[in-house]
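Here is the structure we will look at.
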């Protein structure tokens with residue numbers, strides 16, 4: 001963000017706070033006052049990392065921030081972002097959302113051609129060093145050079161002493177939006193971050209667009225080397241994005257409601273109550289209930305303060321398992337035939353526990369309905385889903401998955417039904433985790449730890 005005449009770091013903090021759902025491993029903010037770039041980053045949640053005194057060095061009217069969950073590189077402090085590098089064009093801090101799949105090749109090129117050394121094991125450092133050493137007389141030209149060589153998913157913001165550069169990859173795989181605040185500008189992964197700090201949502205950043213913001217004002221440039229194909233990650237709409245964000249021109253909550261309605265059309269069932277697995281499935285459960293005419297109710301209460309912890313639970317707590325996250329409303333669900341709506345089944349480890357929890361609470365029947373089609377292929381575009389061996393739908397048929405979950409019936413939304421809802425029948429979305437049709441060629445054995453060792 002660029003906030004002329006104001007300190008940008010505190011607003012960046014509240015923007016990150018709104019985006020905490022996108023990553024809980026580490027977070028950080030980098031600022032510039034026109035002369036010096038300062039960075040503060042640590043492991044943990046945004047509210048754990050920043051105290052009042054941490055903002056004193058973060059001076060300047062330009063700031064970028066990041067919350068991380070790892071897709072390339074381990075969850076380590078050295079991989080926390082924004083990452084600060086120095087190259088031919090000086091110092092540059094960078095925050096990246098996505099996953100680059102030709103990282104090893106680019107790392108070797110940077111070593112040989114620019115004599116670069118590396119302090120992390122992330123693809124984000126590679127993008128930062130590419131930008132800091134790219135040919136070109138302007139930052140948008142240097143970003144275009146990066147687009148020529150980067151393969152994969154990347155929405156990123158870079159901060160120099162004098163400018164902020166925002167870049168969205170030519171396929172638009174990961175989201176990015178633009179906002180206006182007072183006499184300044186802000187870009188963010190989701191529009192909910194804009195609303196939290198009182199900024200006005202302007203539009204989505206276009207695939208292949210480079211935005212440069214500095215004291216001279218606002219510039220927009222579009223890369224001409226793209227194919228025109230778009231491949232927005234459809235999993236953003238199913239699960240990842242906050243329901244109050246706007247993506248592809250639609251409120252995410254409304255899209256999820258429509259997914260639930262389509263599920264009701266494809267997989268109707270005679271039942272007494274529809275419940276969702278909170279919070280990500282609530283909107284879809286409401287949509288299923290409206291379409292089916294079956295009443296909706298809360299059936300599970302989520303402990304919203306359960307985050308990632310490094311403290312191992314004792315065996316007794318392990319046995320309680322899913323109860324640390326969910327608690328059933330037994331009086332509501334006892335004796336009822338339930339439709340239970342979930343956003344997705346990935347490894348299939350949590351669903352049987354939820355079904356068992358509902359059975360123990362007196363549910364008469366349990367009919368699982370899932371908004372994401374069967375996930376059969378790993379994601380290499382910025383969602384750390386699982387390896388193909390770990391994906392239950394890649395290795396088990398529908399009958400086997402139903403048996404494993406313990407549900408009475410199981411129904412997934414079809415790929416066609418999903419694309420009908422999001423408007424992607426003729427392309428425009430990446431659905432590779434369901435179909436195996438990746439928008440760029442990938443090696444199916446890629447590892448998130450490929451830059452380590």
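Here the alpha carbons of region 123-173 define both size measures, Rg and Dmax, at 10.2, 29 Å.
What does the extension gain come out to for residue 111 and residue 254, with contour length at 0.36 nm per residue minus their alpha carbon separation? Show your work: numbers first, answer last.
On the way: separation 143, 0.36 × 143 = 51.48 nm, distance 4.74 nm.
Taking residue 111 through residue 254 to full extension adds about 46.7 nm, to one decimal.
For the chain, the relative contact order is 13 percent, taking Cα pairs closer than 8 Å that sit 6 or more residues apart in sequence and dividing their mean separation by the residue count.
Taking the helices alone, the chain has a mean residue ellipticity at 222 nm of -7500 deg cm²/dmol, built from -39,500 (n - 2.57) per DSSP H run of at least 4 residues and averaged over all its residues.
Binning the C-alpha pair distances of region 223-280 at 5 Å intervals from 0 yields a P(r) profile of 4, 14, 21, 19, 15, 12, 7, 4, 2, 1, 1 %, listed from the shortest bin outward. What angle do you read, to the nearest 10 degrees and between 0 and 90, between the alpha-carbon axis of helix 252-266 and the longest principal axis of the chain? Compared with the principal axis, the helix lies near 30 degrees.
With a ≥ b ≥ c taken as the square roots of the eigenvalues of the C-alpha gyration tensor of region 386-428, please select rounded if a/c is under 1.5 and otherwise prolate if a/b is larger than b/c or oblate if it is not? Oblate is the answer for region 386-428, as a/c is 1.5 or above yet b/c matches or exceeds a/b.
As a size descriptor, the averaged projected area of the C-alpha convex hull of region 252-429 was calculated at 10.9 nm². Rounded to the nearest whole angstrom, the semi-axes of the ellipsoid equivalent to region 1-89, taken from the Cα gyration tensor as √(5λ), stand at 21, 16, 11, largest first. Report the Stokes-Einstein translational diffusion coefficient (µm² s⁻¹, integer) for region 166-242, Rh taken as the Kirkwood radius over Cα pairs, at 10 °C with viscosity 1.306 mPa s. D, rounded to a whole number, is 120 µm²/s. With a Förster radius of 56 Å applied to the C-beta separation of residue 334 and residue 137, the computed FRET efficiency comes to 0.20.
Could you work out the relative contact order of region 6-69, using alpha carbon pairs under 8 angstrom and six or more residues apart, expressed as a whole percent? Please list the in-between numbers first.
Details: 134 pairs, mean separation 30.9, N = 64.
Relative contact order of region 6-69: 48 percent.
What whole-number value in cubic angstrom gives the convex hull volume per residue for the C-alpha atoms of region 337-380?
On the way: hull volume 2.9 nm³, N = 44.
Residue-normalised Cα hull volume stands at 66 Å³.
Taking the C-alpha atoms only, the angle from helix 139-149 to the longest principal axis of the chain is near 60 degrees. Averaging 1/r across all pairs of distinct Cα atoms in region 9-229 and inverting the result yields a Kirkwood radius of 17.1 Å. Taking Cα atoms only, the orientation of helix 351-360 departs from the longest principal axis of the chain by about 40 degrees.
Would you mind calculating the relative contact order of region 252-429 from Cα pairs under 8 angstrom and at least 6 residues apart, reporting the percent as a whole number?
Details: 327 pairs, mean separation 41.0, N = 178.
23 percent.
Peptides 128-134, 18-24 ordered by packing proxy, namely the average of other Cβ atoms within 10 Å per residue, highest first: 128-134, 18-24.
Any read-out appearing in this document is the output of simple, stated calculations on the displayed coordinates, not a laboratory observation. Values in this document were obtained by computation on a predicted structure and should not be read as measured data. Positions of Cβ are backbone-derived with ideal geometry, glycine not excepted, and every protein chain shown enters the neighbour counts.
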